[in-house]
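J.: Here it is, the structure in full.
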Amino acid sequence: MKPFQFKQFEIQQSKDVFRVGTDGVLLGALANVSEASNILEVGTGTGLISLMLAQRNSQAEFLGIDINEEAVNFTKTNFQNSPFSSRLKNIHYDFKYFETEEKFDLIVSNPPYFESSDSEKDKIARQTVELNFRQLISQSSTLLTENGIFSVIIPIEAGSDFIEIAAENQLFLIKRINIKGIENSKAKRLILEFSKTEKELQESEFVIEKSPRQYSDQYLELTKEFHVFRK
């Protein structure tokens, strides 16, 4: 499959590993990475989100983890070929059983959410069988520093449950971005950020397209340092 070219790095991808998608781009561009120095990405896929965050924060160190061996191999290639390679590492591991003394001040994930699928790749990357929300949240809460942030992108339908489970794990919602696929439509995705400390909730709206196949000014502005837009 053809690589996806960004301004500062390239993503090798295949039909067997999740390709570059809008959800990953949005989380990579919107997650609060400014204060982070040690970052964990859960479920790296191709490594896109970590690469975008590495471009946005020139000091942070990154660890990516994925249960899918082929995804890990693609991530390794994409990390090594990037200008940020010295700060990026990844491992093949099941996050449910991941143990480390290390703490992270940003944990990001575009987590599993499809309940069922015909394809084996989808089953591993998207079914709640492999890593359900409760396991993701519980494990992430133990790995966060006291001032750390846990940042995810999920379908809007899953938002209430996710926020409730996070609260049970002493993670408080501090930011909510309601993402619309197209102007004047209902929100379809949420970017949620959680902290161990209660803070005033920041809520905003983001629109991807102003009309079919026509990116919004908001999206173009957000991704201008990443996307190569062909005229």
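J.: Given a 1.4 angstrom probe, what's the average accessible area per residue across the chain, in square angstrom? Mind dumping the intermediate values first?
T.: Values: 11630 Å² over 231 residues.
Heavy-atom SASA per residue in the chain reads 50 Å².
J.: Using amide H atoms built in the peptide plane, which far-off residues or other-chain residues are under 5 Å from residue 93 H to H?
T.: Hits under the 5 Å cutoff: 66, 67.
J.: Shape call for region 1-105 from the C-alpha gyration tensor, a ≥ b ≥ c root eigenvalues: rounded (a/c under 1.5), prolate (a/b greater than b/c) or oblate?
T.: Values: a/c = 1.63, a/b = 1.13, b/c = 1.45.
In terms of gyration-tensor shape, oblate.
J.: Over 18 Å between C-alpha atoms is what I'm after, so list which of 96/199; 186/210; 7/224; 180/210; 175/210 land there. Working shown, then result.
T.: Details: 96/199 28 Å; 186/210 13 Å; 7/224 9 Å; 180/210 10 Å; 175/210 24 Å.
Result: 96/199; 175/210 exceed 18 Å.
J.: Order 188-200, 38-50 from most to least packed using the mean count of other Cβ atoms within 10 Å. Mind dumping the intermediate values first?
T.: Details: 188-200: 16.8, 38-50: 27.0.
Output ranking for 188-200, 38-50: 38-50, 188-200.
J.: Can you classify the chain as rounded, prolate or oblate using the Cα gyration tensor, where a ≥ b ≥ c are the square roots of its eigenvalues, rounded means a/c under 1.5, and otherwise it's prolate if a/b beats b/c and oblate if not? All intermediate terms of the calculation are to be shown ahead of the outcome.
T.: Numbers: a/c = 1.25, a/b = 1.06, b/c = 1.18.
In terms of gyration-tensor shape, rounded.
J.: Taking a ≥ b ≥ c as the square roots of the Cα gyration tensor eigenvalues, with a/c under 1.5 meaning rounded and otherwise prolate when a/b beats b/c, else oblate, which class fits region 138-227? Can you show the working numbers first?
T.: Details: a/c = 2.70, a/b = 1.94, b/c = 1.39.
Note, shape of region 138-227 comes out prolate.
J.: How charged is the neighbourhood of residue 33? Take every other residue with its Cβ under 14 Å from the Cβ of residue 33, and add Lys/Arg as +1 and Asp/Glu as -1.
T.: Values: positive: 56, 87, 175; negative: 35, 41, 61, 105, 193, 225.
With Lys, Arg at +1 and Asp, Glu at -1, the net is -3.
J.: Under 5 Å between amide H atoms, partner at least 5 residues away or on a different chain: which partners does residue 207 have, H built in plane at 1.01 Å?
T.: Here the answer is 180, since their amide H atoms fall under 5 Å of that of residue 207.
J.: What aspartates and glutamates sit close enough to residue 89 to cross-link, taking a C-alpha to C-alpha distance under 13 Å and skipping anything fewer than 8 places away on the same chain?
T.: 41, 61, 66
J.: All other residues with a Cβ under 10 Å from the Cβ of residue 75 taken together, and with Lys, Arg as +1 and Asp, Glu as -1, what is their net charge? Could you put the intermediate results ahead of the total?
T.: Details: positive: 76, 89; negative: 41, 66, 70.
Charge balance in the 10 Å sphere: -1.
J.: Tell me, in nm to one decimal, what length is gained between residue 15 and residue 147 on full extension, where the rule is 0.36 nm per residue of separation less the Cα-Cα distance?
T.: Values: separation 132, 0.36 × 132 = 47.52 nm, distance 3.81 nm.
The residue 15-residue 147 span can extend by a further 43.7 nm.
J.: Next question. Anything in the chain that counts as a DSSP H helix reaching 27 Å or more along its axis (C-alpha) with Kyte-Doolittle mean of at least 0.5? List them, would you? Walk me through the intermediate numbers first.
T.: Working: long enough: none.
Counting only whole DSSP H runs, no helix qualifies.
J.: List the residues whose amide H sits under 5 Å from the amide H of residue 84, counting only those 5 or more places along or on another chain, with H placed 1.01 Å from N in the peptide plane.
T.: none
The values are calculated or read from the model by the stated rules, or taken from the named source; none is laboratory data. Everything numeric in this text was worked out from a predicted model, so none of it was measured. We place every Cβ from the backbone using ideal geometry, glycine too, and count neighbours over all the protein chains shown. Each accessible area value is taken on the protein alone, full model and side chains, heavy atoms only, with ligands, DNA and RNA left out. Shrake-Rupley method; radii C 1.70, N 1.55, O 1.52, S 1.80 Å.
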